[in-house]
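Notes for the one structure printed next.
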Number of protein chains: 2
Amino acid sequence: MHKFMDPASVALIGTPRRTGAGAFNNAEMMLRYGFKGRIYPVNPAGGEILGLKVYCAVSEIPETVDLAVISVGRDRVPAAFEDCIRAGLKRVIIISQGFADADERGRGLQDQIASRARETGVRVMGPNTLGVVNNYRHLNTAFVEIPFPERFLPVSLIAQTGFIQVASRNLAWRDIGKAIDVGNSCDVDIADALDYLGDDPETQVIVIHMEGLKRGPEFLEAAGRVSRKKPVVVLKTGHSTVGAKAALSHSGSLVGEDHVYDAVFKRAGVLRVRTSAEMRDAIHALSVLGEMKGPRIGVVTVTGAGGIMCADACEELGLTFGEMPAGLREELLKGLPDWVHVSNPIDIWPIGMLGNRYEEAYRLSLTELLKSPGIDGVMAIFFVTSAPLHAELNLDKAFAEARRESRNLKPIATWPYMESTAAIDRFEAIPGLACFDTIEQAVQGLSFCHQTHRMKNRHRPQPRSFAVDEDFARPFITKGKREGLLAGQDALGLLASYGIPAASGIEAKSLAALRAAAKGMKPPFVLKLAGRGFLHKSEWGGIVTGIGNLSELKAAREKIVANVRAKDPNIAIDAFQIQEHLAGKEILLGLKRDPVFGHVMACGQGGIYTEVFRDVSREIVPVDGTTARAMLESLRIWPLLLGTRGEPGVDMDALVEIIERLSFFASQNPDVTELDINPLLVSAAGCWAVDARIIWR
Amino acid sequence: MHKFMDPASVALIGTPRRTGAGAFNNAEMMLRYGFKGRIYPVNPAGGEILGLKVYCAVSEIPETVDLAVISVGRDRVPAAFEDCIRAGLKRVIIISQGFADADERGRGLQDQIASRARETGVRVMGPNTLGVVNNYRHLNTAFVEIPFPERFLPVSLIAQTGFIQVASRNLAWRDIGKAIDVGNSCDVDIADALDYLGDDPETQVIVIHMEGLKRGPEFLEAAGRVSRKKPVVVLKTGHSTVGAKAALSHSGSLVGEDHVYDAVFKRAGVLRVRTSAEMRDAIHALSVLGEMKGPRIGVVTVTGAGGIMCADACEELGLTFGEMPAGLREELLKGLPDWVHVSNPIDIWPIGMLGNRYEEAYRLSLTELLKSPGIDGVMAIFFVTSAPLHAELNLDKAFAEARRESRNLKPIATWPYMESTAAIDRFEAIPGLACFDTIEQAVQGLSFCHQTHRMKNRHRPQPRSFAVDEDFARPFITKGKREGLLAGQDALGLLASYGIPAASGIEAKSLAALRAAAKGMKPPFVLKLAGRGFLHKSEWGGIVTGIGNLSELKAAREKIVANVRAKDPNIAIDAFQIQEHLAGKEILLGLKRDPVFGHVMACGQGGIYTEVFRDVSREIVPVDGTTARAMLESLRIWPLLLGTRGEPGVDMDALVEIIERLSFFASQNPDVTELDINPLLVSAAGCWAVDARIIWR
């Protein structure tokens, strides 16, 4: 990757002969951007443009260039690429559109390029990209003119579109240092770019615009590693149903289920933002403020109403108000009427006005908050005014002094009002201080700083292995692979061999056999339809609970038969399943093999409300005990699992272990595409899988 | 209100003698702001400031001024107010702090002023306010200097803080026309301000910053009336637990439960925004774009990635993509390679570049979308560039022509990139076109325009009256008022007299009496603890279900007694309640008398998950049939009520009527403070209240 971003020489294949207005000539753009390396335009017509010799072919260029940029029509791209291979080049950016982003033929062309890249080891970025920007080297491969920025942040962007790099100035709050548009990612992709930027000393914050991914494990590995060193922020688009379809056709990405991406970003320690405004604020906060080591903030405000807005934002964003530093309250209230109160948020206005010491009170509050071990960051609301009558309200010095006196760099997020851009620069010259557009955005900025701190220091999963009863498991696995599906007692049997407790039960067809089975079990019983034709048993009226004795068993069997017959007079009923009726709360446990990321575990509320409330937590497999417990804690039904109104809680250790065992099952059975335990009945007495199905196809 | 906003003469009581920097002299500020009316400073020291005679007392002013502004220390405010009353003034603004915002004594002073205002008919704004801004009259009563704006919007603000009017320039996107800070609202409040602005021809959009309200019905009436004429936007702060506490101490407001405010704003047709950034965007959208009459938008974009972001935003905000206008696709694709596709969102870049007709394609798309009856508004993403090489990418003319040709004012929200402020003004000179900071904000702008259209034309509730069995009801009501609480069969009996079906059941103590009752009912039965000592029966182990016969009834009674004894050996068990066991889904219906807004109806999922999922819809009473149905439809369990997996839906007509009857009950029993029916069992066979309690205290 390094020489994609810092090439000493670049061949531009397909550069137009025209220059100037309307020509979109990339050689011209590179020159205007100030690139200092060697530029070799390639065009069969030859000649000269902008003082540069135009080569008729790549093979004529007198050196093996570090990078080629191809922008010919899509049908001529494969030949141009072969020219590059023959010329011994190692890195190619393909700007041209019309590949997986367009139609089947385009997808075919792209696959052909990708497989030649793999064979030859030549790395390809694109197609359908604007390429790279590296402001540290005055490099910009875009065919549209972007003015070279006067200053830029140590922030790097990875995107699946060029528009973000074109628009980085108003999208990313300020210009950024580097940008990589991976386009259709036929070879170089987000994971490659992350690998490079993770080790890049010129990059302090990484921001990703992502529509979809193809190499899931590689992304998880790269992002997971890099996010322990520097913040990684992602704006994942295409998360709506309509957006996903559009993304598929835009960059040919497999967009995937959005909640899988949530699980991926959580596991990889990546901060997900929901909108481009949030992206901008995250860049601003993380590049200027850095980390915030805890959730406790102190607020100094010139408006009580603003303090209330801070409180609302804190509660929503997981921050809290820290304690007032010792002695500060007394110091601030000295000499004031006794009706003036002060707490955190510190409303400085009445204190400053009545005591005629606005600036001093503000500076003191800031300093003490920054110094306090009970405060992790500060939110400040203040005036910036050019009104000559209020010059003394300006607080430049107060902030600078507070920072100096505190001798630390705890983040200070601010909302200055009556602002002007010049004032912002003046305040942001103070280290670790950032100005935001609104109060809520400033609080969110602090929240981003806290979240990335937590992600950097997040738990490292330690998945366990378990003993498996291989002999017991083997016939079930054989049957499952053969038939594609295991249901009922078969599925429960396979899970039991992995140590997941299952309700005891038997499948049988005749009443006599069911009765015989029942005699070995403890009533009450449950009778269910069994067999492949009846996956959604309840839709068939195929479940009777609370069967107390053998005559009720007979009636139950007859009732199910009648229910099925009423819906379909001809369908064959192969078997019934009789189980002991267990009591407990219904939990759903599931596995789904995502085509990009592999097995994803789901854990949530089971039963009829599963679809309604979608109270489900997801994690990428493997899941260890700590993560399993965190999954449960994140559920809304968590308080019910803990026990409420005198009811005892469920056997949490057993439940956590079942999740760990299911994760182990997934790792041992990579070809299982789907697995549902629904319900797993959980109670103080233990946990039992009552119904399950496992799918291989 | 009118003369608060447009006084010909103003007395300034407590104006400092000092002027200039640091003096916060409001006479000076008014003069600098360009006020053309007569200003009379009042200060016992007399003399002259800024060329104005200073009067020693209000009584010495040679005319009865339209408005007095008091800014003396809080202890001197009552006397100053009495002076104004004696001088025959009709309107007073009290700037001073230290009232209900401070302590008990301050609250007492405020109450005293409020009651004198009521007695004398003198209207008071404040205390704890910056007063009013009316830029149409160069009026600003604030004691801080605000530069007079060069231009301002026909938008008016009502706030419970002065900071928004001070900061309106960066909070409200641009300066606004009028602002009213109602402060502690001891007399003039948000409802009064709404009444005035609703009829004010200089106000097209009303924005409210609200911490809390005291006069709920008056607000509902005023906002409900005004919102049918012009958009009313509210930023309700103090919605978090911490924020609510802070708001209470800030302006002495009763903040109330946030979901009650949601119900209030829904009923009043008020658009609630969640952050000040949303407030700014709403002001921008509503003042520039106006209404959007449906949810179907058309998108023209220079970036496919941007189209995807639009799709995500639309789905989240309740908008959809309209159909491509007839013929447009064919027109755009003329002469292009067959791999180029086009749909809505229209990705104009490949079309414009390959066809070399970017501007024409953009203009055509805009025009056809605007003209199409299937499109309600347009979202446009485009370049604005000062790069000399790309001058032809600028679309000023294309937008202006499209607007002209379309002959309508459908809203056009845009995200221009590589923007500059100057460019924004150029584009916003086109009628009904607004530029936003990000794609998502632009889409949200359209969503605001659509929401306010729907609110303006919202349903008018037509609550029904029902016949009541007064004779049956009377003893229950007498008992309830006497004891403060009705529970069990008493509560169900009272509801039954209002036509709300209740499970039949009887309360009795002895086993013999329970057996006798059981003989008249259909098994299975439910036995419950009854009596005031056992409000949460399940916590006492006080419910046994599925009782099939009389011997099981005996066992059930013994079990409940044992459960209670295990918890408290001494508590008296007065009675048990025996009911037929009904089947159905559990619904919660409730009433709560909010101290500000009166009865609020709640309807949601009942049973053990009520607290967990909080799947509850709330409406201000009265609730008519249409509203009742909308409440049910807004629940997440709605699909379960409709019926799923072959299960029949519940008797919806019966359920809707029960809600209407409960609303009627509330209107007839205004002194009921709380009522819960939990559960109401609902099924295809009907709906029955199974347990209820009604509270009067």
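What follows draws every value from the coordinates through simple rules; no lab data is involved. Remember, it's a predicted structure, so these values are computed and weren't measured experimentally. Backbone-built Cβ (ideal geometry, glycine too); neighbour counts: all protein chains shown.
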For the table A:K90/A:K266; A:K479/A:K509; A:K537/B:K537; A:K334/A:K397; A:K230/B:K245; A:K214/A:K410, the rows whose alpha-carbon distance is greater than 30 Å are A:K90/A:K266; A:K537/B:K537; A:K230/B:K245; A:K214/A:K410
A:N356-B:R107 FRET efficiency (beta carbon distance; Förster radius 25 Å; 0.05 resolution)
0.40
5 Å is the cut-off here: which amide hydrogens, built 1.01 Å from N in the peptide plane, fall below it relative to B:H581, excluding neighbours closer than 5 in sequence?
B:F525, B:V526
The protein assembly as shown: antiparallel DSSP beta bridges as a percent of all, rounded to 5
50
Going by amide H atoms built from the backbone, whose H comes under 5 Å of the H on A:N140, apart from near neighbours?
A:N134
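Loop only by DSSP, 12 or fewer other Cβ within 10 Å of the Cβ. Give me the trypsin sites (Lys or Arg not before Pro) in the stretch A:67-168 that pass, ordered by residue number.
Details: sites: A:R74, A:R76, A:R86, A:K90, A:R91, A:R105, A:R107, A:R116, A:R118, A:R123, A:R137, A:R151; in loops: A:K90, A:R151.
Here the sparse-neighbourhood loop sites are A:R151.
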For the pair A:E48 and A:H459, the simple spin-label estimate (label points 7 Å beyond Cα toward Cβ) gives in nm 6.9
Distance from the Cα centre of the stretch B:167-240 to that of the stretch A:196-239, in angstrom?
45
Applying 1/(1 + (r/R0)^6) with R0 = 51 Å to the Cβ-Cβ distance of A:E674 and B:K293, what FRET efficiency is obtained, to the nearest 0.05?
0.70
Using alpha carbon centers only, the stretch A:298-362 is separated from the stretch A:543-581 by a whole-angstrom value of 69
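Using a/c under 1.5 as the rounded threshold, could you call the protein assembly as shown rounded, prolate or oblate? The axes a ≥ b ≥ c are square roots of the C-alpha gyration tensor eigenvalues, and prolate needs a/b larger than b/c, oblate otherwise. Present the calculation step by step, with values, prior to reporting the outcome.
Working: a/c = 1.87, a/b = 1.05, b/c = 1.78.
Judged from the Cα gyration tensor, the protein assembly as shown comes out oblate (a/c at least 1.5, b/c at or above a/b).
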Nearest 10 degrees is fine. How inclined is helix A:258-268 to the longest principal axis of chain A, computing both from alpha carbons?
70
Ordered by residue, what ³J(HN,Hα) values in Hz, to whole numbers, does the stretch A:677-693 give under the Karplus form 6.51 cos²θ - 1.76 cosθ + 1.60, where θ = phi - 60° and Gly and Pro are x?
10, 8, x, 9, 8, 10, 8, 5, 7, x, 10, 9, 6, 9, 8, 7, 9
Note to self, chain B gives a 222 nm [θ] from helices alone (DSSP H runs n ≥ 4, -39500 (n - 2.57) apiece, / all residues, nearest 500) of -11500 deg cm²/dmol
Give a quick list of trypsin sites (Lys or Arg not before Pro) in the stretch A:498-602 that DSSP marks as loop, anything other than H, G, I, E or B, with at most 14 other Cβ atoms within 10 Å.
A:K509, A:R532
Taking every pair of alpha-carbon atoms in the stretch B:1-103, give the share separated by more than 17 Å as a whole percent.
50
Can you compute the modelled spin-label distance between B:E323 and B:A467, with each label point 7 Å from Cα toward Cβ, in nm?
5.1
Using a 10 Å cut-off around each Cβ of peptide A:375-383, what is the average number of partner chain Cβ atoms that fall inside?
1
Expressed as an acute angle from 0 to 90° and rounded to the nearest 10, what is the orientation of the C-alpha long axis of helix B:358-371 relative to the principal long axis of chain B?
50
Any idea what angle helix B:396-406 forms with the longest principal axis of chain B, computed on alpha-carbon atoms, 0 to 90 degrees, nearest 10?
60
Do you know the relative contact order of chain A, to the nearest whole percent, from alpha carbon pairs under 8 angstrom that are 6+ apart?
8
Let a ≥ b ≥ c be the square roots of the eigenvalues of the Cα gyration tensor of the stretch B:115-159; is it rounded (a/c under 1.5), or, if not, prolate (a/b larger than b/c) or oblate?
prolate
Within the stretch A:432-510, chymotrypsin sites (Phe, Trp or Tyr not before Pro) in DSSP loop having at most 16 other beta-carbon neighbours inside 10 Å
A:F466
According to a simple spin-label model (label point 7 Å from Cα along Cα-to-Cβ), what is the distance in nm between A:R629 and B:I543?
3.2
Let me know the charge dipole size of the stretch A:100-157 about its Cα centre in debye, to the nearest 20, where only the beta-carbon of Lys, Arg (+1) and Asp, Glu (-1) is charged.
260
Part-to-part distance (alpha-carbon centres) for the stretch B:640-662 and the stretch A:117-136, which is given in Å
59
In this structure, the FRET efficiency calculated for B:D425 and B:K36 from their beta-carbon separation, with R0 = 35 Å, to the nearest 0.05, is 0.75
Residues meeting the amide H criterion for A:A159 (H placed from the backbone, H to H distance under 5 Å, 5 or more places apart or on another chain) are A:I180, A:D181, A:V182, A:H209
Segment B:V561-B:E647, extension gain: residue separation times 0.36 nm, minus the distance between their alpha carbons
27.2 nm
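How would the stretch B:35-188 be classified by its alpha-carbon gyration tensor: rounded, prolate or oblate, with rounded meaning a/c under 1.5 and the a/b versus b/c comparison settling the rest? Provide the component values of the computation, followed by the final result.
Numbers: a/c = 1.91, a/b = 1.25, b/c = 1.53.
It comes out oblate by the Cα gyration axes.
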